[in-house]
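Structure first, commentary second.
Bear in mind these aren't lab numbers, they're just calculated from the coordinates by the rules spelled out. A quick note: this is a predicted structure, and the numbers were derived from the prediction, not measured. Every residue, glycine among them, receives a Cβ derived from its backbone with ideal geometry; neighbour counts consider all protein chains shown.
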Amino acid sequence: SAVAILAVLSFLVVVSASLLYLVESDRCEERGLPCAGFESIPASFWFSTITLTTVGYGDVYPFTALGRAVAAFLAVCAVILLSLSAALLSVNLAETKRTTQQLDQTEKEMLLELKKSWDTLAHSLAVANAQASKVSTTVAGRPTLQLLEDKGRSLCFEMQECLSLMLQPH
């Protein structure tokens, strides 16, 4: 994950800055070379950070062979970490796209089922209305046709609410 990569990056900065300070400050003094940029561990952080981010300004560089070996190792680690970061980002984006497509497909299927139910209900109401118009009996003092119409309106209202909820963006 991104947190793990940042943790490794931070660890490498601290370790490499410390190593470069130890290698460069001791060896430079022995050989009489300038140790610009490696006078302290915090000063060495600059080189480590710039190398790990692959910026490489060139204003500070190691003078000793061991310091250059540490810097080369650090540069290789930087390339690997950046590659892993790009791969991780790519995988996460692909997974997000796949999940979104699956949700869209599921939503379409649900809407189709809802439309089929709606059509079936409308057909059933039309058939019931046609049959009720032939019957002139009453239920509880109300004509059967009126009861069916009321029930049909109630069902239509419920279906419309369901449709509007389904069509709302999430």
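The stretch between Arg68 and Leu33 holds 11.2 nm of extra length on full extension. This uses 0.36 nm per residue minus the Cα-Cα distance.
For the Cα trace of the stretch 2-97, dividing Rg by the Kirkwood Rh returns an Rg/Rh value of 1.10.
Loop-located chymotrypsin sites (Phe, Trp or Tyr not before Pro) in the stretch 28-67 (DSSP state not H, G, I, E or B) with no more than 13 neighbouring Cβ atoms inside 10 Å: Tyr57.
Sort 64-77, 3-16, 84-97 by packing, meaning the average of other beta carbons within 10 Å per residue, with the highest value first.
So the order, starting with the most tightly packed, is 64-77, 3-16, 84-97.
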